[in-house]
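Input: a single structure, listed below in structure tokens.
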Amino acid sequence: MKYWWVAVIIVLFALLMITCAWLLRKNRKANMITLFVVSFVLLIFKSIQFGIERSVHHYPIEFSHLSYFILGATVTVGVKKIRPFAGICAFISGLAFVLAGIFSPAPIVRDAESTFNWVTGIIQHEVLFFAGLVIIFNTDKYSIKDIWIPVVGIVIMFIFSVLVYNRVLYPDLAQKNHDSMVIIHVLFGTILKYVLPQGYIVPVWLRVMTIIIEVILLGAILWAFYFVNNKFYDKKLKKYPDFVGNAEEYSAIALVKFIIKKNNDKKALQTSFSDLSQGAEQNQVNEDASENDL
């Protein structure tokens, strides 16, 4: 394998991300701040990147591309109900990249237009993996009743990709990016082309089997997300009782709520001072009236 060293870098980076998530396991506040910073930086960086690349007809069309924005927007804004969906997208994107890098590292370097692109690509996918781990293990307990949210979200992502592939959306998408849409290969069951000999045509029966396995695997990942999250959260509370008491949120919504609360507290304080002043003035008037009567 020519690019075995790329696989080694990816594995070592993944182990580093796992270690970082493990080191943050005791402190929810540190996790929430880290998650917010990572998500916000990814959102800004990818927005600028794709904004610049519009000139060469390169758009966010892959599952991981969409995951950057789903994670970034969800965590930055602070929509807690959608956070599991963002975590699942981030985890799937990161884990899929790690596995692809282990079994087929060559396309990561070969398909990149520059060293900067494949290096930043590794970093960004590994950060997605880290964010997914943090949301699964180190934030909150999520109800499996809300599993329909990631299901609907992922279906919409696939529909979006099909529309892009058929040029209903982004009709000016660069041909190179159109032909190399990984999410389409996943959807059509031809993803094995990346590990089979070059030029090999994936037969229909293998494509059908691949799709069936993908659906089962996706269902297992969705179920495992909530199952593992609930189990680890309950164990965490027994081991670190103070973890549940730190329920701070760090997001745009949390900031707005904080500002509103501060403003209301200020008004309440001003009202209290006003009432005290009026009471003092009224007492003074009463005392003056009493002295005049005497």
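The angle separating the long axis of helix 4-23 from the principal Cα axis of greatest extent in the chain is about 20 degrees. Under the combined filter of DSSP loop state and at most 10 neighbouring Cβ atoms within 10 Å, the stretch 174-273 retains these chymotrypsin sites (Phe, Trp or Tyr not before Pro): Y200.
For the stretch 40-138, applying the loop criterion from DSSP together with a ceiling of 15 other beta carbons within 10 Å to the GluC sites (Glu not before Pro) yields E113. For the set K145/K235; K26/K141; K81/K266; K26/K80, the pairs lying more than 23 angstrom apart at their alpha carbons are K81/K266.
Remark: the stretch 171-188, residue by residue, has Karplus-estimated 3J(HN,Hα) of x, 9, 4, 4, 4, 4, 5, 4, 6, 10, 5, 4, 4, 6, 5, 5, 5, 8 Hz, where x stands for each Gly or Pro and the curve is 6.51 cos²θ - 1.76 cosθ + 1.60 at θ = phi - 60°. Roughly speaking, what is the centre-to-centre gap between the stretch 59-98 and the stretch 172-200 when only Cα atoms are used, to the nearest Å? Cα centroid to Cα centroid, the span is 21 Å.
Among the trypsin sites (Lys or Arg not before Pro) within the stretch 140-218, those in coil by DSSP and having at most 11 neighbouring Cβ atoms inside 10 Å are R167. Of (1) 26.4, 112; (2) 20.9, 64; (3) 26.0, 87, which one was derived for Rg and Dmax of the Cα atoms in Å from the structure shown? Only one option fits the structure, namely (1).
As a fraction of the 1.4 Å probe accessible area of the stretch 192-273, surface on carbon and sulfur atoms comes out at 71 percent. Electrostatic tally near L133: other residues with Cβ closer than 11 Å to its Cβ, Lys and Arg +1, Asp and Glu -1, net 0.
Electrostatic bookkeeping for M17 treats Lys and Arg as +1 and Asp and Glu as -1; over the other residues with beta carbon under 15 Å from its beta carbon, the sum is 0.
The values are calculated or read from the model by the stated rules, or taken from the named source; none is laboratory data. Predicted, not measured: the structure shown is a model, and the values here were computed from it. Cβ: placed from backbone, ideal geometry, glycine included. Neighbour counts: every protein chain shown. What goes into the accessible areas is simple: the full protein's heavy atoms, side chains included, and nothing from ligands, DNA or RNA. Shrake-Rupley method; radii C 1.70, N 1.55, O 1.52, S 1.80 Å.
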